[in-house]
Structure formats: C-alpha cells, structure tokens
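What follows is a short report on a single structure.
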Amino acid sequence: MSVSKIVITGGPCGGKTTALSRIQRDLSHLGYTVLIVPETATALISGGVAPWTCGTNEDYQKCQMLLQLQKERIFEQAAATMDANKILIVCDRGELDNRVYMSDEEFARVLSYLGKSKAELRDSYDAVFHLVTAAKGAEEFYSLENNEARTETAEEAAAMDDKFIAAWTGHPYLRVIDNSCDFEEKMRTLIREITYFLGELEPYEIERKFLVRYPNIAWLESLPNCEKVEIVQHYLRSDPNQEIRIRCRRSGETSLYYLTEKRVVGTRNTMRTQRRLTEGEYSMLLVQSDPKRREIRKTRYCLTYENQYFEIDVFPCWNDQAIAEIELSREDTPVRIPPELEVIREVTGDPKYRNAAIAALPKGATH
C-alpha cells in the first residue's frame, strides 16, 4: 500500500474548493482512493467555536490545531485498513495555516501545548501545494460573493497569501501555483504537479540555477519568508547514467531522510524520483556511499519571493559565492530573483556546479 498525505493551501479566493473537487475526480481516475480531510476552521466556527467565542484567540487555536492533528491521525488510521494499493490523503489546509492567525508568542505557546515543533508539523506532510489568491495577478476575478465567511479586501487577501506561503516555506516539496495563466490552466497545472509528485507522470524537473555572490546571511535569517535548513548528503554507487543520493535534512531539532534518484534529460530537465527513509534505512544505505565522492554539507535557505520558491545553497568550502536554484512548472516562466541577490551568471546545465561534481572534487578543493 502507498499512502501519501498532501496539503492544499493558499490565500482567499485562490481556487481551493474547485481544486479539491478536481483532485477527487482526476486522481480517482488514476486509481487512487482519495480521502479529503475537511477544513477544520469551517467545522469549528459553524459549530460555534471561534476566536471570538473562546476565551482568547490562543484558546481557539489550541482547539483547532489539536482537532486538526486528531483528524489527520484518524484518516491515516482508516487508510491503513483499506483494501487499496494507492491512497492519497488531501488536507484542506494543514497545521501551519493556523500560524497566519497568531502572533509569534501565541504560536510558540500553542506549539508547546501540542508538544510539537514547527518543523515537525510542517514536515509531517509529504507535499504542499499553494494556490495563489486571485488578488495577486487576477484581481478582476477576486470576489467575496462565493464565500460568506470571506471578508478580506483584495489588498488584505494578497497580504494573507504572502503569510500563508511564508508559513510553509522550508518544506522540502512546496509548489506555488500562481495566476500567470487562466483559471482552467491553473487547475491543470495543480493536477499535473500532484501527479508529478506521485510519480504518475514522468517526474521531470525544470530547473534554473544561478551562481550568486555570497549572500548577506543576516538579511536572509531576518526574513519571515525564509527558512534555514542544514543538509548532509552522500552519493551512492550507481550506473554512469544515474545519480543516487541519500540526504539528511535538519531543521531545528527535526531531521528527515530521503533517497533520491536522478537522471538528466537535456540541459534543464531532470527526471527525479524521491522517497522518505527512516533513520535506520538511511544508516544502512550509508555503507553504499561512493568512495570516490566526498560528503556534501551545506546550509540551504528556502526563500519565497513574488510567488517563486528559491533554494539558496551556501557551502562551507566557498566564501565568495553560492548557488541559487528554482524549479519551474513551465520552461517559459520568467524568473524573478530578489534584488538583494547579486547574480554572477546563470549556470543551468553547467556540470561543474552540480552537487555531484562538487562531491567529486578532491578534499580541500574549493572550485
């Protein structure tokens, strides 16, 4: 049995309701048993439990986030009993959506109440798909009429959308679906991204990679839409046309482990499959490390900027430059790099700047 759990999130009027219906229909056609975890806030507020009826907003958020955790556990427990080969659990918003409605102090106390860290909650989902509000790029379609609970102006909706993206920044599989196309194409893009993630379509990545000046670390770490992750990866013995790596990804006190297989197709497209490992599986695979390649250690800064998701890798062997990378859903999508990052040149397709090539450098070498 294969069980995946994903989140559909986004700002007001982003198309989430339609998206859930499309996912149910299209993924069922691909043989998935699709389970939809309903939005928790709607059920609570319609039942009379709301921030304005509880003692404080913090009291309400504790109730909502605890119920969300319990609902997801129940869906996972139920999925384990089902006679199905492929199950997709789709969460109509996830735990970190609640972050938007709390101060830093409230959020810290709620996490303590739950006995969880932010990284634990964020990374408990296999993938996150953010639908950008119509208030950003499709303003003429932003409306309050199709949702009685929606009260935000277009400006407020756009600001909330930024906060939702920031809340999920740092997740290893975050995809932002914007309004650079019409709504029908936006839904098709979402379904395509989900099927790529599930491995139902050839999982091509469209990557752009840039060599940049060593970034201002203090600036990056001060941004609410930036998350720091420590990465250690090892390359395993493999065929010449294949690249297999294992990775430990540490955020705060939480560590995740992955096995990734990649094959480059052309200059920008890469076919990749990835799955999570247990810590024990990771340790066992370490013995298969390629002795000709050194361990890669890097600090990754996950940064969202104008609805695009950048990964900025800082290597301890470099003190004057870094790598900024972005994955795109279409080859013709323009890349909007933050002005604070000084681009030296684009290195997409340049084999010297692939992690595998850096791992093959002699110890002590910097370029």
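Find the residue count for the range 79-95, including only residues that are within 23 Å of R22 (Cβ to Cβ) and either hydrophobic (A, V, I, L, M, F, W, C) or open to solvent by less than 10 Å² (accessible area, probe 1.4 Å) (or both).
Looking only at that region, the number is 9.
With the condition kept exactly as written, say whether any residue in the range 45-59 is among the hydrophobic types (A, V, I, L, M, F, W, C), open to solvent by less than 20 Å² (accessible area, probe 1.4 Å) and in contact (Cβ under 8 Å) with a residue 40 or more places away in the chain. I'd like the intermediate steps shown before the answer.
Taking the range 45-59 as the starting set, the residues that turn out to be among the hydrophobic types (A, V, I, L, M, F, W, C) are 45, 49-50, 52, 54.
Filter once more, keeping what is open to solvent by less than 20 Å² (accessible area, probe 1.4 Å): 50.
Still in the running and in contact (Cβ under 8 Å) with a residue 40 or more places away in the chain: none.
No, the range 45-59 has no match at all.
Can you find a residue that is at pLDDT 90 or above and part of a loop (DSSP other than H, G, I, E, B) anywhere in the range 268-275?
No, the conditions are met nowhere in the range 268-275.
How many residues does the range 239-252 hold that are over 16 Å from the mean Cα position of the chain (by Cα) and open to solvent by 50 Å² or more (accessible area, probe 1.4 Å)?
The qualifying residues number 5.
Give me the residue from the range 205-236 that is open to solvent by 80 Å² or more (accessible area, probe 1.4 Å) and either under 30 Å from E331 (Cβ atoms) or not polar (S, T, N, Q) (or both) and, out of that set, modelled with the lowest pLDDT.
If we take residues in the range 205-236 being open to solvent by 80 Å² or more (accessible area, probe 1.4 Å) and either under 30 Å from E331 (Cβ atoms) or not polar (S, T, N, Q) (or both), then P224 is modelled with the lowest pLDDT.
Among the residues of the range 84-143, which ones are touching a Ser or Thr at 6+ places or on another chain (Cβ under 6 Å) and among the aliphatic types (A, V, I, L, M)?
Hits for the range 84-143 are A84, I87, L88, A119.
So in the range 108-123, with the set limited to residues that are open to solvent by less than 50 Å² (accessible area, probe 1.4 Å) and of a type in the set (G, A, S), which one is nearest to R250 (Cα to Cα)?
Filtering first and then ranking leaves A119.
For the range 277-295: of the residues being aliphatic (A, V, I, L, M) and either within 16 Å of R249 (Cα to Cα) or in contact with a helix residue (DSSP H, G or I) (Cβ under 6 Å, 6 or more places away or on another chain) (or both), which is least open to solvent (accessible area, probe 1.4 Å)? Spell out how you get there, then give the answer.
Within the range 277-295, the first condition is being aliphatic (A, V, I, L, M), and the residues that meet it are 277, 284-287.
Going one step further and asking which of them are either within 16 Å of R249 (Cα to Cα) or in contact with a helix residue (DSSP H, G or I) (Cβ under 6 Å, 6 or more places away or on another chain) (or both), we end up with 277, 285-286.
Values: L277: 17, L285: 32, L286: 61 Å².
Filtering the range 277-295 for residues that are aliphatic (A, V, I, L, M) and either within 16 Å of R249 (Cα to Cα) or in contact with a helix residue (DSSP H, G or I) (Cβ under 6 Å, 6 or more places away or on another chain) (or both), the one least open to solvent (accessible area, probe 1.4 Å) comes out as L277.
All but one of (1) open to solvent by less than 60 Å² (accessible area, probe 1.4 Å); (2) more than 25 Å from T254 (Cβ to Cβ) hold for K71; state the number of the condition that does not hold.
Tallying (1) open to solvent by less than 60 Å² (accessible area, probe 1.4 Å); (2) more than 25 Å from T254 (Cβ to Cβ), K71 fails exactly one: (2).
Considering only the range 222-258, how many residues are in contact (Cβ under 8 Å) with a residue 12 or more places away in the chain, out of contact with any His (no Cβ under 7 Å at 6 or more places or on another chain) and not in a loop (DSSP other than H, G, I, E, B)?
23
The values are calculated or read from the model by the stated rules, or taken from the named source; none is laboratory data. Computed from a prediction, not measured in an experiment: that's the story for all the values here. Glycine gets a Cβ as well: all are built from the backbone with ideal geometry, and neighbour counts include every protein chain shown. In case anyone asks, the SASA skips ligands and DNA or RNA and just uses the protein heavy atoms, side chains included. Shrake-Rupley method; radii C 1.70, N 1.55, O 1.52, S 1.80 Å.
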